[in-house]
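Shown next, in structure tokens, is the structure this report addresses.
Every number here is computed from the coordinates shown, using simple stated rules; none is lab data. In this text the structure is predicted, and so the values were computed from the model without any measurement. Quick reminder, even Gly has a Cβ in these numbers, built from the backbone with ideal geometry, and neighbours come from all protein chains shown.
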Amino acid sequence: MTVSSAPGKVYLFGEHAVVYGEPAVPCAIERRARVTVEQRSDDRLRVQAEDLSIDGFTVEYGGQHDGRHDVNVPEPLISAAMGYVDGAIEQVHDVTGEDDVGFDVTIESDIPLGAGLGSSAAVVVAAIDAATRELGLTLETDELAERAYRTEHAVQEGQASRADTFCSATGGAVRVEGDDCQPIEAPELPFVIGFDGGAGETGELVAGVRALREEYSFAADTVAAIGDVVRRGETALQAGNLEEVGRLMNFNHGLLSALGVSARDLETMVWAARDAGAYGAKLTGAGGGGCIVALDPTPETETALRFTPGCEDAFRAELAEEGVKRLA
Ligand SMILES: Nc1ncnc2c1ncn2[C@@H]1O[C@H](COP(=O)(O)OP(=O)(O)O)[C@@H](O)[C@H]1O
Ligand SMILES: C[C@@](O)(CCOP(=O)(O)O)CC(=O)O
Ligand SMILES: [Mg+2]
């Protein structure tokens, strides 16, 4: 039995634009997905996802489409989850050359699903790491991140950046631009997260931005403007100037809004955070619903979010210095 965990993340700057080669700065947070893997004596894959719904569910299959599950979970949720786990195991088969081994996989996670905190990347990174180690191979972090990226790329139908997977594998604050991925130094960042209880479909939201970009040159300019905001944001980060970082987060949010990936609850939470005195606030990840991230060293933003209609949960998030953790 082998166990690995990997963290989720927030985007300080640059989601969506990073898909088109602009830089982005995601930061790993201490909310993790933990994946336990045990090799089977046959070639089947059995996946138990404890947190995928209130009840959790189990699915066992030999091929991609003969899934059997033991509780009543909507089919699209199951196929989405199986896409990531399937893809991760495919990478494991490929990198180890052992393509006929089966696994029992158990996923436990405290990262809300589809909420912009990178649950998919965390699950994929932890699954690839645990399953390769179960077969006696420990991947270097860069190789692990690359394999996880290929999985997300395939599931999101060719529309993914390396940002989430590199950040989850490496931990800390990182900078990603195309295939150039680097850890960066960052000052202490007082993250506060607001969660509306909902989710957005990453693939669909990315496709929406792509379509806008193709239709309107000013949408393409908006994506490029996000890149400019990120570059200024990096300078502010290096200087430890949180006021400027916050202002640029606000600007970044406005541009994401223009690209159609915000939502009413996200706007309400962003404004609640700003009114409470946060340095800045923006949606994080694909959008459409899910989470916002604000910077506030005082308790004001968290308290305000708790009383904001449409906000289901508000919490602080610590930077996760460590990416993948090998637990057993
Ligand atoms: N705990 C989990 N168990 C099984 N699958 C998970 C789990 N967490 C995330 N996933 C997979 O990741 C998908 C969500 O990924 P995505 O839409 O990219 O949103 P995000 O990465 O922002 O959470 C889920 O639909 C599911 O397929
Ligand atoms: C929108 C995007 O930039 C980030 C998606 O993040 P998340 O899966 O919503 O946590 C897509 C990507 O970078 O692959
Ligand atoms: Mg994701």
| Is it possible to state the helix-based mean residue ellipticity at 222 nm for the chain, with each DSSP H run of 4+ residues giving -39500 (n - 2.57), the sum divided by total residues, to the nearest 500 deg cm²/dmol? What is it? | -13000 deg cm²/dmol
| task | Can you give me the P(r) profile for region 2-184? Cα pairs, bins 10 angstrom wide beginning at 0, each as a whole percent. | result | 10, 41, 35, 13, 1
| Taking every eigenvalue of the Cα gyration tensor of region 172-328, multiplying by 5 and rooting it, what semi-axes result, largest first, whole Å? | 23, 21, 17
| request: Report, to the nearest 10°, how far helix 141-155 tilts away from the longest principal axis of the Cα atoms in the chain, using its own Cα long axis and a range of 0 to 90°. | output: 90
| task | State the answer as a single residue: which of Gly178, Leu117, Val229 lies farthest towards the positive end of the charge dipole of the chain, with beta carbon charges of +1 for Lys and Arg and -1 for Asp and Glu, about the Cα centre. | result | Val229
| request: Would you mind computing, in nm to one decimal, how far apart the modelled labels at Asp94 and Leu327 are, each placed 7 Å from Cα along Cα→Cβ? | output: 2.7
| Where nothing but the Cβ of Lys and Arg (+1) and of Asp and Glu (-1) is charged, how large is the charge dipole of the chain around its Cα centre, in debye to the nearest 20? | 680
| request: Please find the FRET efficiency linking Glu157 to Asp51, where r is the Cβ-Cβ separation and R0 is fixed at 22 Å, and quote it to the nearest 0.05. | output: 0.35
| How far, in degrees from 0 to 90, does helix 264-275 lean away from the longest principal axis of the Cα atoms of the chain, to the nearest 10? | 50
| query | Across bins of 10 angstrom width beginning at 0, how are the C-alpha pair distances of the chain distributed, in whole percent? | reply | 6, 28, 35, 22, 8, 1
| request: Determine the gain in length on full extension of the stretch Thr235-Asp43; use 0.36 nm per residue of separation and subtract their C-alpha separation, reporting nm with one decimal. | output: 64.1 nm
| remark: Once both label points are put 7 Å beyond Cα along the C-beta direction, the Thr141-Asp110 separation in nm becomes 2.2
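How much length is gained if the chain between Arg316 and Glu215 is pulled fully straight, taking 0.36 nm per residue apart and subtracting their Cα-Cα distance, in nm to one decimal?
Numbers: separation 101, 0.36 × 101 = 36.36 nm, distance 3.89 nm.
Taking 0.36 nm per residue and subtracting the Cα distance, the gain is 32.5 nm.
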| note | If one compares the long axis through the Cα atoms of helix 242-258 with the longest principal axis of the Cα atoms of the chain, the angle in degrees, nearest 10, works out at 70
| note | A chain fully extended from Glu243 to Asp228 at 0.36 nm per residue, minus the present Cα-Cα distance, gains in nm 3.6 nm
| query | GNM, the chain, Cα, under 10 Å: largest mean-square fluctuation among Glu50, Glu30, Glu146? | reply | Glu50
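If you count the DSSP beta bridges with both ends in the chain, what percent of them are antiparallel, to the nearest 5?
Working: 49 of 54 bridges.
Around 90 percent antiparallel, to the nearest 5.
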